[in-house]
1. State all residues of region 122-154 that are in a helix (DSSP H, G or I) and either touching a strand residue (DSSP E or B) at 6+ places or on another chain (Cβ under 6 Å) or open to solvent by less than 40 Å² (accessible area, probe 1.4 Å) (or both); if no residue qualifies, say none.
2. How many of the residues making up region 81-108 are part of a helix (DSSP H, G or I) and either in contact with a helix residue (DSSP H, G or I) (Cβ under 9 Å, 6 or more places away or on another chain) or among the β-branched types (V, I, T) (or both)?
3. Regarding region 57-80, can at least one residue be identified that is aliphatic (A, V, I, L, M), out of contact with any Phe, Trp or Tyr (no Cβ under 7 Å at 6 or more places or on another chain) and in a helix (DSSP H, G or I)?
4. Taking region 53-81 as the search range and keeping residues that are among the hydrophobic types (A, V, I, L, M, F, W, C) and open to solvent by less than 40 Å² (accessible area, probe 1.4 Å), which one is nearest to the chain's Cα centre (by Cα)?
5. Filter region 97-117 for residues that are open to solvent by 30 Å² or more (accessible area, probe 1.4 Å) and under 13 Å from V53 (Cα atoms); which is nearest to the chain's Cα centre (by Cα)?
Amino acid sequence: MRVGSNTLHFLKRRYNKDSRSASMPLDRHPIRTQNANQPVASYSQGYQIGQFVFVSGQMPVDPATNQTVEGGSAEHTRQCLKNVFGVLEEAGCTYRDVGQAVVYMTNIDEIEEMDAVWQEFFPDPDNYCSRAVIGISKLVVGARIEISCIAIKD
């Protein structure tokens, strides 16, 4: 990739601390709620930077009992999405604000069960976010599903 002089000029102006046109720092803060599983390591349930809300991977853990829910991919998906929505609501977002999501599954053959539950939480096909579904060998807490997402607040 060749970087032209206009690009270099933009970068110098954007990142020069003495520049009058430099952007103001974005507001940054963690999002915490009792309506989602609590972090089990050194991360936040969610993090907001400016208008962007980053929801950490939510597990199928019931926040009331702190236990992984019983059942298969459908039940795990439902609890993961309840937790995702707990973080989104705390940030002032809805499903319509979600731009991108990632679903990790230990059994990718159960994608239809996951997707059926997904449609309960994202009911409007005109507002489906982009989504990646990734098959992996193992998740923590005996989970079959983990879901993270990025939303944009208006």
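The values are calculated or read from the model by the stated rules, or taken from the named source; none is laboratory data. All figures in this text were calculated on a predicted structure; none of them were measured in a lab. Cβ coordinates were reconstructed from backbone atoms using ideal geometry, including for glycine residues, and neighbour counts include every protein chain displayed. Note: areas computed on protein heavy atoms with side chains; ligands, DNA, RNA excluded. Shrake-Rupley method; radii C 1.70, N 1.55, O 1.52, S 1.80 Å.
1. Our first condition is that a residue be in a helix (DSSP H, G or I); within region 122-154, this holds for 125-127, 140-142.
If the condition is that a residue be in a helix (DSSP H, G or I) and either touching a strand residue (DSSP E or B) at 6+ places or on another chain (Cβ under 6 Å) or open to solvent by less than 40 Å² (accessible area, probe 1.4 Å) (or both), then V141, G142 are the ones that fit.
2. As a first pass, look at region 81-108 and keep what is part of a helix (DSSP H, G or I): 81-90, 95-97, 108.
Retained after the next criterion (residues that are either in contact with a helix residue (DSSP H, G or I) (Cβ under 9 Å, 6 or more places away or on another chain) or among the β-branched types (V, I, T) (or both)): 81-82, 84-85, 87-88, 95-97, 108.
Adding up the residues that qualify gives 10.
3. Step one: filter region 57-80 for residues aliphatic (A, V, I, L, M), giving 59, 61, 64, 69, 74.
Now narrow it down to the ones that are out of contact with any Phe, Trp or Tyr (no Cβ under 7 Å at 6 or more places or on another chain): 59, 61, 64, 69, 74.
Applying the additional criterion that residues be in a helix (DSSP H, G or I) yields 74.
Checked against the condition, which is being aliphatic (A, V, I, L, M), out of contact with any Phe, Trp or Tyr (no Cβ under 7 Å at 6 or more places or on another chain) and in a helix (DSSP H, G or I), region 57-80 yields at least one hit.
4. V55
5. So, considering only residues that are open to solvent by 30 Å² or more (accessible area, probe 1.4 Å) and under 13 Å from V53 (Cα atoms), the one nearest to the chain's Cα centre (by Cα) is Q100.
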